[in-house]
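Worksheet: one structure, shown below.
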Amino acid sequence: MYPENNNEMNNEYVNNEAVAPVYAEENYVADEVTEVTEEGAPEAEKDNILVCDGLVKIYKTDDVEVLALQGLELEIERGELVAIIGKSGSGKSTLLNMIGGLEKPTAGRLYVDGNDLFAMSEKGLVEYRRKSVGFVWQNSGQNLFPYFTALQNVEAPLYFDHMSQKERRAKAMGLLKMIGIDHRANSYPAQMSGGEQQRVAIAVALAHDPKILLADEPTGAVDSKTSNMIQDIFRKINEEIGITIIIVTHDLSLANKVSRVIMISDGKISTEKIMKEKYRQQLDNMTTESLAAVESHEEYSILDKARRVQLSQDALEMAGIDSNKVRVEVKDGKIIISK
């Protein structure tokens, strides 16, 4: 079922179309990534690696239209470690796909590292996906080739970088060692646990030195102990190589390990939680049990450009508000919302 040696793998798989659907496209021709160079661009677009401005996404079928994103606004700084959390259908996976260049918005603007993804050609998007972003999916079948060893999986995307076999092997082993999975270099995915497969998947995503690492439910198919280990790996690579990491998840425990937690609801950013500096300094010395007992983040509601704020259903129920009208008062410098 599996190739017996590396030469067989190289001849049978890497030099034909088996790798192409994942790391390139048929008849792929490199195209220059469209740079945002016009004068007068907002300063935020120059200072942040990601800027979402009024993003709208509508999915259409013959009978219905679904509004997945409703004017979403978001900025992420270079080198941030961010979790995007929301209920199913809130729009978080749609947002991740757009950042990854897999989907285009219906309206609005999306800039990643100064590149206007909305205006980019299909060839430009291929080049963007190949060089700028790395993906880690929940399902290991989307991350790894079953007939490659862990080492061969990490080497696969490097075949498009004109590296020698020695250089590819050295870089792949270095990544596996950094993730702490080098002892499984010669194992196939079927011979590894779910957590081990996800660690190899992270190494694969880092192989081409992306500027942003995107992870969609990376801990969704593992137990809590393995989830904590994977979370620690994301923190480690964020601190050691400074890569921007965006994680979409249902796992609320991730809030204790990331700098910023972004809550998305009904296609918009509703609240953000920012890690306290004192907690950040103590984080490496805390156990998993003590993390849950410490107040780690400060929560903020988000005002959009029209100065609108979204209130969660839980907050409305706690305040006894059951209609679409509320009273807004300002007392002693505080805004009070009541029914």
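Check every one of the strands (runs of 3 or more DSSP E) wholly within region 249-339 and list those with 2 or more residues that are on the phi < 0 side of the Ramachandran plot and modelled with pLDDT under 75. First the steps, then the outcome.
On the way: elements: 260-265, 268-275, 297-301, 327-331, 334-338.
Answer list for region 249-339: 297-301.
When you check Ala68 against the structure, is it in contact with a helix residue (DSSP H, G or I) (Cβ under 6 Å, 6 or more places away or on another chain), hydrophobic (A, V, I, L, M, F, W, C) and under 23 Å from Ile233 (Cβ atoms), yes or no? Against the criterion (in contact with a helix residue (DSSP H, G or I) (Cβ under 6 Å, 6 or more places away or on another chain), hydrophobic (A, V, I, L, M, F, W, C) and under 23 Å from Ile233 (Cβ atoms)), Ala68 does not qualify.
Pick out the one residue from Arg199, Arg130 that is of a type in the set (Lys, Arg), touching a residue at least 40 places away in the same chain (Cβ under 8 Å) and touching a helix residue (DSSP H, G or I) at 6+ places or on another chain (Cβ under 9 Å). Talk me through it step by step, then tell me what you get.
Working: Arg199 fails: touching a residue at least 40 places away in the same chain (Cβ under 8 Å).
Sole residue among the options that is of a type in the set (Lys, Arg), touching a residue at least 40 places away in the same chain (Cβ under 8 Å) and touching a helix residue (DSSP H, G or I) at 6+ places or on another chain (Cβ under 9 Å): Arg130.
Please note which helices (runs of 4 or more DSSP H) are completely contained in region 124-200 and include at least 1 residues that are among the polar types (S, T, N, Q) and at pLDDT 95 or above. Steps first, answer last, please.
Values: elements: 140-143, 150-155, 165-179.
Of the helices (runs of 4 or more DSSP H) lying wholly inside region 124-200, those with at least 1 residues that are among the polar types (S, T, N, Q) and at pLDDT 95 or above span 150-155.
For the condition part of a loop (DSSP other than H, G, I, E, B) and modelled with pLDDT of 70 or more, Asp209 qualifies.
Residues in region 63-90 that are modelled with pLDDT under 90, small (Gly, Ala, Ser) and either surrounded by 23 or more Cβ atoms within 10 Å (Cβ to Cβ) or within 17 Å of Lys273 (Cα to Cα) (or both): Ala68, Gly86.
For (1) of a type outside the set (Gly, Ala, Ser); (2) without any contact (Cβ under 8 Å) to a residue 40 or more places away in the chain; (3) assigned by TED's automatic domain parsing to the domain that holds His250, each residue gets a yes or a no:
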position	(1), (2), (3)
Asn153	yes, no, yes
Arg168	yes, yes, yes
Lys171	yes, yes, yes
Ser193	no, yes, yes
Asp216	yes, no, yes
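The values are calculated or read from the model by the stated rules, or taken from the named source; none is laboratory data. Model, not experiment: these values are computed from the prediction. So basically every Cβ, Gly included, is an ideal-geometry build from the backbone, and we count neighbours across all protein chains shown.
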